[in-house]
Amino acid sequence: MNTIRYLLCCTLVMGWLGAVSTAQEPPVRSEQEILIELERGWNEAFYAKDIAFIEGVLADEFTATYDDGSRGDRARELTLSTEFNQQVVSAAQDGFTVRLYADTAVVWFTLRLVGIRQGERAEVAFSYTDVWVRRDGRWQCVSTHSTRMSDAA
């Protein structure tokens, strides 16, 4: 009888330990979730002037095509981030679509900005297409393209 009780106790303890260790493991995030988190982090970093974060997500060969058709490289993007001085009330990203192609990903989303322009509330929306490449186990953006969708004062 003691052997059965011992085995039952061991089984219960092992089950409990397994449940505890499983509960303590962080949830596994999908590549899509990681990329959306990076996009959101980049957006927040831009307005907070967190240049270190932005440097970490931009590849050395990064190229931007801005909504006015001009292009910029990594250095210009970092300068724009540093010098940004517009009053932004909110900057909300939504409508994410993420497509993975091995170590390359394309992320599409909409950025809706609300701010103050010439003393009045202004709203604008941009459609973004970002291309990411996974290098050494982390994602870096190699290209971004933005298109202005609307402008309502």
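The values are calculated or read from the model by the stated rules, or taken from the named source; none is laboratory data. The model shown is predicted, which means the values in this text are computed figures rather than measured ones. Here the Cβ is made from the backbone with ideal geometry for all residues, glycine too, and neighbour counts use every protein chain on show.
Taking (1) among the β-branched types (Val, Ile, Thr); (2) at pLDDT below 95; (3) touching a Ser or Thr at 6+ places or on another chain (Cβ under 6 Å) in turn, Val88 satisfies each apart from (3). Note on the stretch 47-87: residues that are crowded, with 16+ Cβ neighbours inside 10 Å and without any contact (Cβ under 8 Å) to a residue 12 or more places away in the chain total 1.
May I ask you to verify whether Ala102 is among the aliphatic types (A, V, I, L, M), farther than 22 Å from Arg134 by Cα and at pLDDT 95 or above? First the steps, then the outcome.
Details: among the aliphatic types (A, V, I, L, M): yes; farther than 22 Å from Arg134 by Cα: no; at pLDDT 95 or above: yes.
The answer is no for Ala102.
Output the qualifying pairs, or none if there are none: Cβ atoms under 6 angstrom, residues six or more apart or on different chains, first residue in the stretch 34-46 and touching a residue at least 60 places away in the same chain (Cβ under 8 Å), second residue in a helix (DSSP H, G or I) and of a type in the set (A, V, I, L, M, F, W, C). Short answer, once both residue conditions are applied: Leu38/Val57; Trp42/Val57.
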